[in-house]
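Visitor: First the structure, which I've put down as structure tokens, then a few questions once you've had a look.
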Amino acid sequence: MKNLVLIIVALATLAVFATALDAQTPVVSPATISGDGAAHAVTTTGQRARWIIFIAPASNTATNCSASAGGSQSACPRVGDSNVSTSRGVPLPPGSSLMYPYIGTPGPSAPGYGLNLIFYVVQSGDTLIIQYAQ
């Protein structure tokens, strides 16, 4: 019984430390991305993130980026894999966002989103805001 209490206390202590470390998670806000019509990785290094959010500002003015059912959304900023294009990936009409939810503490063998494996394309004249936690 005494060992069980010690184990529970140790686990509770570890949980407190993990919460404290998690509270210090650095949030990275790269500069607002100006579109050039080409696909780019979020980073070119093997950085990993706990979560990531893409925001298409409401001020984006791309034509052919209607959120309505009839719009082709070919000019919307898009997010996806290395094959992202004007017809592939998740479209982000003006004022919308896409979030990859919290996945845990990234590390060499821990989960996390590979930022070099997530791509975006933004047309000239539009912008995209990206934030993520390491």
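The values are calculated or read from the model by the stated rules, or taken from the named source; none is laboratory data. Here the structure is a predicted model, which is why all the values come from computation and not from measurement. Cβ: placed from backbone, ideal geometry, glycine included. Neighbour counts: every protein chain shown.
Visitor: Hey, could you check region 106-118 for residues that are surrounded by fewer than 15 Cβ atoms within 10 Å (Cβ to Cβ) and at pLDDT below 90 and say which is nearest to the chain's Cα centre (by Cα)?
Guide: 111
Visitor: Condition check: at pLDDT below 50 and more than 21 Å from residue 126 (Cβ to Cβ). Does residue 49 satisfy that?
Guide: No: the conditions fail for residue 49.
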